1. Would a scan of region 141-159 turn up a residue that is of a type in the set (D, E, K, R) and at pLDDT below 90?
2. Quick check on region 158-181: of everything there that is under 31 Å from the mean Cα position of the chain (by Cα) and under 20 Å from A128 (Cα atoms), which residue is surrounded by the most Cβ atoms within 10 Å (Cβ to Cβ)?
3. Are any residues in region 146-157 open to solvent by 50 Å² or more (accessible area, probe 1.4 Å) and small (G, A, S), and if so, which ones?
4. Could you go through region 81-95 and let me know if any residue there is open to solvent by less than 20 Å² (accessible area, probe 1.4 Å), farther than 14 Å from A28 by Cα and either of a type in the set (F, W, Y) or modelled with pLDDT of 85 or more (or both).
5. Would you confirm whether or not region 134-145 contains a residue that is in contact (Cβ under 8 Å) with a residue 40 or more places away in the chain, more than 26 Å from A17 (Cα to Cα) and open to solvent by less than 50 Å² (accessible area, probe 1.4 Å)?
6. Among the residues of region 61-80, what is the count of those that are open to solvent by 10 Å² or more (accessible area, probe 1.4 Å) and either over 10 Å from the mean Cα position of the chain (by Cα) or among the acidic types (D, E) (or both)?
Amino acid sequence: VLFEGERFTLRDAVAEAGSGSHFFSNWATGLSSGPDNESSQALSFVIELNTNPDLFQVAPILDSANGNLYFNLSETAAGEATVTLHIEDDGGLSGLGADNSSESASFTVTAMDTEGPTAEILYPPDGAKTDASTVRVLGTAYDAIGVDFVRVNGLHAETSDGYASWVRDAFPAGPERVLTIQLSDTSGN
């Protein structure tokens, strides 16, 4: 995206959801304050709109000196945010009514949740044997964005803390019975 006078080029940013702090070196390129007689003017980016502020713990910051982009993703959010901004110089509106800012431009930050959740069976221990007809199964599950469900051999497990710990009471036991855990995060992984 090039603009008459002040100009710059933007690109979109993609990161893993819940992955915290990000730095993109020289993310905005082609920074220019305009013609040669304006080359001493300092530039600054002005963010006009962020369509999804909940995606960020720290909203995007763009350094006009080098085009570096900084942001910190929220720990429990995935999705997209469109950020609209323009660039201004500090030269004012002098000289035939010249404007000191570019037209608005937008870029998208996408926080993709590509990592699947993980689970661990805490009880019964691996290799345990019982002659009981039912057994209580306990475990933990984790996902950066959030666990949607846990099932033990297809039967729903209960939780009171978002599946950081879960339980399946009265799970049918018996000889040679194998435990299979199925889980999904809130992004469908």
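The values are calculated or read from the model by the stated rules, or taken from the named source; none is laboratory data. As the structure is a prediction and not an experimental result, all values here were calculated from the model. So basically every Cβ, Gly included, is an ideal-geometry build from the backbone, and we count neighbours across all protein chains shown. Calculation scope for accessible area: heavy atoms of the full protein, side chains included, ligands and nucleic acids excluded. Shrake-Rupley method; radii C 1.70, N 1.55, O 1.52, S 1.80 Å.
1. Here is the first cut: in region 141-159, the residues of a type in the set (D, E, K, R) are 143, 148, 151, 158.
The next check asks that each one be at pLDDT below 90; those that pass are 143.
Yes: one or more hits.
2. Taking region 158-181 first, the residues under 31 Å from the mean Cα position of the chain (by Cα) are 158-167, 180-181.
Then keep just the ones that are under 20 Å from A128 (Cα atoms); that gives 166-167, 180-181.
On the way: W166: 27, V167: 17, T180: 9, I181: 18.
Once the filter is applied, the top-ranked residue is W166.
3. G154
4. Within region 81-95, one or more residues are open to solvent by less than 20 Å² (accessible area, probe 1.4 Å), farther than 14 Å from A28 by Cα and either of a type in the set (F, W, Y) or modelled with pLDDT of 85 or more (or both).
5. Step one: of region 134-145, the residues in contact (Cβ under 8 Å) with a residue 40 or more places away in the chain are 137, 139, 141, 143-145.
Next, only the ones that are more than 26 Å from A17 (Cα to Cα) stay: 137.
Right, trim to open to solvent by less than 50 Å² (accessible area, probe 1.4 Å) and you get 137.
The answer is yes, given that some residue of region 134-145 is in contact (Cβ under 8 Å) with a residue 40 or more places away in the chain, more than 26 Å from A17 (Cα to Cα) and open to solvent by less than 50 Å² (accessible area, probe 1.4 Å).
6. 10
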